[in-house]
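Presented below is the structure to which this report refers.
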Amino acid sequence: MRVLTLNPGSSSMKVSLVDGGTGVGWAAWDMTAPGAVAHAVARWSNVDAVAVRFVHGGSQKAPARVDDALLANLERLTSLAPNHQPLSLQVTREVRRLLPDVPVVACFDTAFHARMPEAAARYPLPRSWTAQNRLRRYGFHGLSCQYALRRTGELLGRDPAELQLVCAHVGAGVSVTAIRDGHGVDTSMGFTPLEGAMMATRSGSVDPGLLLHVMQTAPMSPAELADALFHRSGLAGMTGTDGDLRRVLAAAARGEQDASVALEVYRHRLCREIGAAAMSLSRLDAVVFTGGVAEHQPSVITSVLDGLGVLGLRAGNVPHTDVDRIVTAEDSPVPALIVLPREDLELARGAEAALARVSVR
Ligand SMILES: Nc1ncnc2c1ncn2[C@@H]1O[C@H](COP(=O)(O)OP(=O)(O)O)[C@@H](O)[C@H]1O
Ligand SMILES: CC(=O)OP(=O)(O)O
Ligand SMILES: [Mg+2]
């Protein structure tokens, strides 16, 4: 099956053509570039299916063929993932208009975490708020985790279902997930992709008491607060850049103090999330790093590894290549790997599975 995959992330729109499970074409556009979907369709119109990544699927537990009712449900989740959901809805509508005869499947980041134990999924809030079980932790980057798990199994020669891993997706969005029995059992992102580690433009976790204090002393609308936390915090907020790690590293190399401090906080918070995730496992088989930063900036991953000695990781020589590899020293008791992000392959798998289910019915 030839599947056109569309992955609107917070910093770029990634598009690929996957034919029979293998990626055969790839392109990425800056989020601000207009017409990405039209360009992709013009290039790859001869396809059997289209798969679109949605970070928030609400209660959806598996990829699903898109119809108007599904889109209306996904639209209701927009305020829970404002950096992503509107774009996914927009590209889905556009691709349905451009390719009206091709089935479109939505694949959800949240599905990988749907079996998260209650202890990890619940917030300690008044039960009148949580009675409907909607105000809970969902988790994101699930397609990326699913692929990293599969690939780590191949690289270590182990059955993925038996592996106990910590998976750190380090891109513009950053999250850390504990994986056991083939699915997420705890993860740093929660009700929205704002919780947890520090990110390119998102704050990650902040004491809710600090936010209450700010709301009382410098009143602002919910929209202004959301804009500050989703778009004007993280690396961007601390350095006055756009949050792209390349620019922050360059600023630090020029001796800019704000950039150096931001990198320290970034690294510290990532290590802390990795340590926390390990607590949901009974043993640690490996730590796997994926996402755009792991792919393009392996030196950042080395500096994170230096902080993980307590978990039994010993940093090795991290050659800057574009292949999946072990990045810990040969005698490291626990290996760490860099696996290049391939959400596109999971999107294509999801589309094939959803359409096979539909045709069996
Ligand atoms: N050559 C590169 N191309 C793209 N991203 C890069 C490159 N080098 C480093 N990066 C880092 O990868 C980040 C984007 O990661 P990615 O996983 O693609 O983000 P997202 O999917 O969240 O939009 C950028 O913020 C940047 O810091
Ligand atoms: C969930 C999320 O933050 O995704 P991305 O890293 O692709 O922006
Ligand atoms: Mg991404």
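The values are calculated or read from the model by the stated rules, or taken from the named source; none is laboratory data. Just so we're clear, the structure is a prediction, and the values are computed from it rather than from any experiment. All Cβ positions, glycine included, derive from the backbone under ideal geometry; neighbour counts span all protein chains shown. Note: accessible area is taken over every heavy atom of the protein model, side chains too, but ligands, DNA and RNA are not part of it. Shrake-Rupley method; radii C 1.70, N 1.55, O 1.52, S 1.80 Å.
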Margin query: Among the listed residues Ala148, Ala161, Ala200, identify the single one that is at pLDDT 95 or above, within 12 Å of ligand 1 (Cβ to nearest atom) and more than 22 Å from Ser59 (Cβ to Cβ).
Written below: Ala200
Note to self: Any residue at all in segment 22-36 that's under 23 Å from Asp101 (Cα atoms), open to solvent by less than 60 Å² (accessible area, probe 1.4 Å) and at pLDDT below 90?
What the structure shows: yes
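For every residue, the table says whether it meets (1) in contact with a strand residue (DSSP E or B) (Cβ under 7 Å, 6 or more places away or on another chain); (2) not in a helix (DSSP H, G or I).
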residue	(1), (2)
Gly243	no, yes
Ala252	no, no
Ala259	no, no
Leu263	no, no
Arg267	no, no
Leu270	yes, no
Ile274	yes, no
Phe289	yes, yes
Glu295	no, no
Item checked: Unmet criterion (only one of (1) of a type in the set (Ser, Thr, Tyr); (2) in the same structural domain as Arg269 (by TED's automatic domain parsing); (3) within 16 Å of Ile338 (Cβ to Cβ)) for Thr187 -> (3)
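For (1) within 16 Å of ligand 3 (Cβ to nearest atom); (2) modelled with pLDDT of 95 or more; (3) in contact with a helix residue (DSSP H, G or I) (Cβ under 7 Å, 6 or more places away or on another chain), each residue gets a yes or a no:
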| site | (1), (2), (3) |
| --- | --- |
| Val288 | yes, yes, yes |
| Pro298 | no, no, no |
| Val304 | no, yes, yes |
| Leu313 | no, yes, yes |
| Val318 | no, no, yes |
| Leu337 | no, yes, yes |
| Pro341 | yes, yes, yes |
| Asp344 | yes, yes, no |
Notebook entry, point to check: So which pairs qualify, if the first residue must be in segment 299-326 and farther than 19 Å from Ala276 by Cα, the second must be open to solvent by 50 Å² or more (accessible area, probe 1.4 Å) and in a strand (DSSP E or B), the Cβ gap must be under 8 Å, and the two must be at least 6 apart or on different chains?
Noted result: Gly316/Ile326
Margin query: Given the options Ala226, Ala276, Ala251, name the one that is of a type outside the set (Ser, Thr, Tyr), open to solvent by less than 60 Å² (accessible area, probe 1.4 Å) and at pLDDT below 95.
Written below: Ala226
Next item on the list: Go through segment 153-209 and count every residue that is among the basic types (Lys, Arg) and within 11 Å of ligand 2 (Cβ to nearest atom).
Entry: 1
